[in-house]
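K.L.:
Submitted below is the structure of interest, expressed as structure tokens.
No lab work stands behind these numbers, since they all come straight from the coordinates. Please read all numbers here as calculations on a predicted model, not as lab measurements. All Cβ positions, glycine included, derive from the backbone under ideal geometry; neighbour counts span all protein chains shown.
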Amino acid sequence: MNEFLEFIENNLQITYILILAIFVGVEVIKSIPAVLHTPLMSGANALSGVVIVGAILVMLHADPTDYVALTLGFIAVVLGVLNVVGGFAVTDRMLQMFKRKK
Amino acid sequence: MGILLNIIYLIATVTFIVGLKMLGHPETAKKGNSIAAAGMGLAILGTVFVHEQQVSPLIYILIGVAILIGSIIGWLIAIKVEMTKMPELVSLFNGFGGASAALIGLVEYGKNVNYATQSTTIVSGIIIGAITFSGSLIAWGKLNGSLKSVVRIPYYNIINNITIIGIIIFAAFMVTTGVDSQLVLYTLLAAGLIYGILFVLPIGGADMPVVISLLNSLTGIAAAITGILYNNMVMLVGGILVGSAGIILTVAMCKAMNRTLGSVIFGAFGGATATAGENKALGSIKSTTASDAAIMMNYANNVVIVPGYGLAVAQAQHVIHELEEMLTRKGVNVKYAIHPVAGRMPGHMNVLLAESNVEYNMLVEMEDINPQFSNTDIVLVVGANDVVNPAAHNNPTSPIYGMPILDVENAKHIIVNKRSMNAGYAGIENELFYNSKTSMLFGDAKAALTDLVAEMKNI
């Protein structure tokens with residue numbers, strides 16, 4: 001318990017942001033009509049590729065001779081970008097079809 | 001430099017929120033997606049270039065190559081995939097995101113073993129990332145049919161629960177002792193991967209929309225956890241947004257099937273207790289022909305089409321649109337009734353019909369269409385079964401009892417297109433077919449609808 005309180009104490013700001021972000025997320029998404037659930041999901045899926053930022057940081061911080069870190073970081077960047085680019089591109093393609101005809 | 005990067009991240013975070021918000025309306029959705037994508041691009045470029053670190057050119061080249069490879073493959077997959085394959089694709093991409101989070105954790109663990117906060121986030125990131133990765137791959141395999149739909153090892157519930165509890169205890173041990181061993185680290189990774197497989201394998205095909213939503217949510221949480229590790233707000237907020245979206249869709253899908261999340265994960269759906277064996281005669285069925293059906297629809301005022309996944313399997317989306325256009329030209333008021341779990345992922349049927357150029361404002365959600373059925377002359381059910389089964393209302397022993405359905409039996413007449421009298425996905429008898437107002441139009445959806453359109457032209 002003490003450790004938990006200490007964690008909150010040391011990370012107060014991030015805890016606030018975490019909780020506020022949850023509320024923002026729920027409020028933004030809950031009103032989305034069922035028609036758009038699939039694009040929402042693939043768009044959100046693309047957003048989860050934001051983990052790529054961490055993968056790039058891994059590579060930037062890696063020692064150029066640390067082949068393990070470089071290899072793992074490299075794969076992480078490839079997979080993250082795949083997630084981002086593929087996700088946004090396919091969402092765009094899908095939404096292209098949701099056109100209202102006159 | 002530091003402040004510039006932070007401003008870039010701040011802008012990216014705002015684009016994510018605004019983009020998601022705009023995704024909520026058909027008119028603005030496309031723009032919203034582009035805005036979020038632009039923000040993501042900005043965040044990626046900022047991370048690569050805006051810092052004061054000394055980085056060897058080799059690393060820049062590697063990052064560039066990795067981004068190039070990922071972009072090309074991602075792009076090619078995205079432009080080639082068929083819309084019926086969307087659930088598989090989302091699962092696959094989702095798995096990649098999870099894998100990325102797990103790999104980051106593997107690299108960072110050694111440097112942070114002595115700091116409890118950091119190692120807690122790293123260990124959580126590895127576990128969740130690994131579960132999402134292997135779980136998504138299993139889901140992908142099930143959706144594209146290369147894996148048998150349901151695999152249940154004996155006592156799978158107990159085994160799964162023991163596995164996850166074991167993983168948590170093991171992780172707690174790693175954090176508290178600060179053990180810096182590659183063996184221990186990779187054991188954790190392997191355990192996470194195994195749990196992901198065990199977790200998705202027993203889940204049945206009908207529950208796939210729930211699983212995909214849940215896995216999507218988990219990837220977001222993995223990204224958010226990694227954000228805490230780097231004290232990086234764009235990752236934290238972006239990840240949480242995805243996590244929330246996934247949870248909301250998961251709950252929506254559960255509600256649409258009248259199932260609790262627990263019963264999906266520890267499910268017994270379609271198990272030995274299902275009443276599939278009870279094949280008692282429910283009365284007689286009446287079959288009709290394409291020409292009779294065409295005449296009936298031609299002289300109707302209001303027609304509602306109920307498409308199910310069977311429609312997409314038969315590739316009949318285009319023919320049904322042709323039929324709908326033809327009826328509209330003849331002055332018939334046509335609408336589509338979309339059940340929330342029509343298809344293999346949330347909202348899938350809407351995308352499939354939109355691809356065939358059906359206007360989205362003709363697609364009516366369940367709550368809005370249900371009160372209208374009593375004023376409907378003809379309901380045409382194509383490739384749907386369980387979502388129109390009245391047993392959900394009036395048979396407490398049925399496995400689908402309590403599930404919200406489309407109340408098509410309130411319409412004046414119902415035409416059901418079906419290949420044969422076999423039971424639906426859940427293996428349950430459907431008394432709608434024996435209703436005196438129902439006529440069965442037997443045949444493959446595409447062939448039957450093509451005939452219907454041809455007959456309609458002759459009238």
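K.L.:
How big is the equivalent ellipsoid of chain B along its three axes, where each semi-axis is √(5λ) from the Cα gyration tensor, reported in whole Å from largest to smallest?
P.N.:
Details: eigenvalues 444, 146, 56 Å².
Each semi-axis is √(5λ); the values are 47, 27, 17 Å.
K.L.:
Can you give the Rg to Rh ratio for the range A:21-84, taking only C-alpha atoms and Rh from Kirkwood? Walk me through the intermediate numbers first.
P.N.:
Working: Rg = 16.2 Å, Rh = 13.6 Å.
Result: Rg/Rh = 1.19.
K.L.:
Along Cα→Cβ, 7 Å out, is where each label goes; now give me the distance between the ones at A:THR15 and B:TYR156 in nm to one decimal.
P.N.:
Calculated label separation equals 3.9 nm.
K.L.:
I need the phi-derived Karplus couplings for the range B:386-401: 6.51 cos²θ - 1.76 cosθ + 1.60, θ = phi - 60°, integer Hz, Gly and Pro marked x.
P.N.:
4, 6, 10, 8, x, 4, 4, 8, 10, 10, x, 8, 6, x, 9, 4
K.L.:
In angstroms, what radius of gyration and Dmax does the range B:80-198 have, counting Cα atoms only?
P.N.:
Rg, Dmax (Cα atoms, Å): 15.9, 49.
K.L.:
Anything in chain A that counts as a DSSP H helix reaching 18 Å or more along its axis (C-alpha) with Kyte-Doolittle mean of at least 1.0? List them, would you? Please report the intermediate quantities before stating the final value.
P.N.:
Numbers: long enough: A:12-30 (27 Å, 1.99); A:67-97 (45 Å, 1.56).
Helices meeting the span and hydropathy rule in chain A are A:12-30, A:67-97.
K.L.:
Stretched out fully, how many nm does the piece from B:GLN315 to B:SER146 gain, at 0.36 nm a residue minus the Cα gap? Could the numbers behind the result be given before it?
P.N.:
Details: separation 169, 0.36 × 169 = 60.84 nm, distance 2.00 nm.
Stretched fully, the B:GLN315-B:SER146 segment lengthens by 58.8 nm.
K.L.:
Please compute, for peptide B:60-72, the average count of beta-carbon atoms on other protein chains lying within 10 Å of each residue's beta-carbon. Walk me through the numbers on the way to the answer.
P.N.:
Numbers: counts 2, 0, 8, 9, 1, 3, 14, 8, 2, 5, 15, 7, 3.
Partner Cβ neighbours, averaged per residue: 6.
K.L.:
In addition: Can you compute the equivalent ellipsoid semi-axes for the protein assembly as shown, i.e. the square root of 5 times each eigenvalue of the Cα gyration tensor, sorted largest first and rounded to whole Å?
P.N.:
Working: eigenvalues 436, 135, 69 Å².
One finds semi-axes of 47, 26, 19 Å for the protein assembly as shown.
K.L.:
Same structure again: With the crude spin-label approximation of a point 7 Å out along Cα→Cβ, what separation in nm comes out for B:ILE459 versus A:PHE4?
P.N.:
Between B:ILE459 and A:PHE4, the simple spin-label model gives 6.6 nm.
K.L.:
If the cut-off is 18 Å between C-alpha atoms, which aspartates and glutamates fall inside it for B:LYS457, apart from same-chain ones fewer than 8 positions away?
P.N.:
B:ASP292, B:GLU322, B:GLU324, B:GLU325
K.L.:
Over all alpha-carbon pairs of the range B:318-459, lay out the pair-distance distribution in 5 Å bins, whole %, shortest bin first.
P.N.:
Computed distribution, short to long bins: 2, 9, 18, 23, 24, 15, 6, 2, 0, 0.
K.L.:
Could you work out [θ]222 nm for chain B from helices alone, using -39500 (n - 2.57) per DSSP H run of at least four and dividing by all its residues? Round to the nearest 500 deg cm²/dmol. Show your work: numbers first, answer last.
P.N.:
Working: 17 runs with 271 residues, N = 459.
So the helix-based figure for chain B works out to -19500 deg cm²/dmol.
K.L.:
For B:PHE173 and A:THR71, FRET efficiency with R0 = 35 Å and r from the beta-carbon atoms, rounded to 0.05? Present the calculation step by step, with values, prior to reporting the outcome.
P.N.:
Details: r = 27 Å, r/R0 = 0.79.
The computed FRET efficiency comes out at 0.80.
K.L.:
Straight-line reach from B:LYS255: which aspartates and glutamates have Cα under 20 Å away, leaving out those fewer than 8 places along the same chain?
P.N.:
Leaving aside aspartates and glutamates fewer than 8 places away in the same chain, those within reach of B:LYS255 are A:GLU27, B:ASP207, B:GLU365, B:GLU367, B:ASP368, B:ASP386, B:ASP407.
K.L.:
How far, in degrees from 0 to 90, does helix B:2-22 lean away from the longest principal axis of the Cα atoms of chain B, to the nearest 10?
P.N.:
Tilt of helix B:2-22: around 10 degrees.
K.L.:
When ranked by the protection proxy of mean other Cβ atoms within 10 Å per residue, highest first, what sequence do the peptides B:376-385, B:21-30, B:158-167 form? Don't jump to the answer; show the numbers that get you there.
P.N.:
On the way: B:376-385: 24.9, B:21-30: 19.1, B:158-167: 14.0.
With the highest mean Cβ count within 10 Å placed first, the list reads B:376-385, B:21-30, B:158-167.
K.L.:
Along the range B:329-337, what does the Karplus equation 6.51 cos²θ - 1.76 cosθ + 1.60 (θ = phi - 60°) give for ³J(HN,Hα), rounded to whole Hz, x for Gly and Pro?
P.N.:
4, 7, x, 7, 8, 10, 9, 10, 9
K.L.:
Would you mind giving the mean number of other chain beta-carbons within 10 Å of the Cβ of each residue in B:12-21, as a whole number? All intermediate terms of the calculation are to be shown ahead of the outcome.
P.N.:
Working: counts 2, 3, 0, 0, 7, 5, 1, 5, 9, 6.
Going residue by residue through B:12-21 and averaging, the value is 4.
K.L.:
Let me ask something else. Mind giving me the nanometre distance, one decimal, between the label points for B:LYS437 and B:TYR60, set 7 Å out from Cα along Cα→Cβ?
P.N.:
If labels sit at B:LYS437 and B:TYR60, their model points lie 7.2 nm apart.
K.L.:
Another question, then. Peptide B:42-52: average number of partner chain Cβ atoms within 10 Å per residue?
P.N.:
Numbers: counts 0, 5, 10, 1, 2, 8, 6, 0, 0, 2, 0.
The per-residue average across the peptide is 3.
K.L.:
Next question. Would you list B:ILE35, B:ILE77 from fewest to most Cβ contacts within 10 Å? Mind showing how you got there, number by number?
P.N.:
Details: B:ILE35 21, B:ILE77 17.
Least to most surrounded, the residues fall as B:ILE77, B:ILE35.
K.L.:
What are the residues whose amide H is under 5 Å from the amide H of B:THR376, where those residues sit 5 or more places off or on another chain and H is modelled from the backbone?
P.N.:
B:LYS412
K.L.:
Here is a follow-up. Treat the range B:9-138 as a sphere of radius equal to its Kirkwood radius over Cα pairs and apply Stokes-Einstein at 10 °C in a medium of 1.306 mPa s; give the translational diffusion coefficient in µm²/s, rounded to a whole number. Walk me through the numbers on the way to the answer.
P.N.:
Values: Rh = 17.2 Å.
Reported coefficient: 92 µm²/s.
K.L.:
OK, next. Would you mind ranking B:LYS330, B:LYS457 so that the residue whose beta carbon has the fewest other beta carbons within 10 Å leads the list? Before the final figure, lay out the partial values.
P.N.:
Values: B:LYS330 14, B:LYS457 9.
Arranged by neighbour count, lowest to highest, B:LYS330, B:LYS457 become B:LYS457, B:LYS330.
K.L.:
Against the longest principal axis of chain B, how steep is helix B:29-49, in degrees 0 to 90 to the nearest 10, with axes from Cα atoms?
P.N.:
Compared with the principal axis, the helix lies near 20 degrees.
K.L.:
Non-local amide H neighbours of B:SER398 (under 5 Å, H modeled in plane, Pro and chain starts lacking H): which ones?
P.N.:
none
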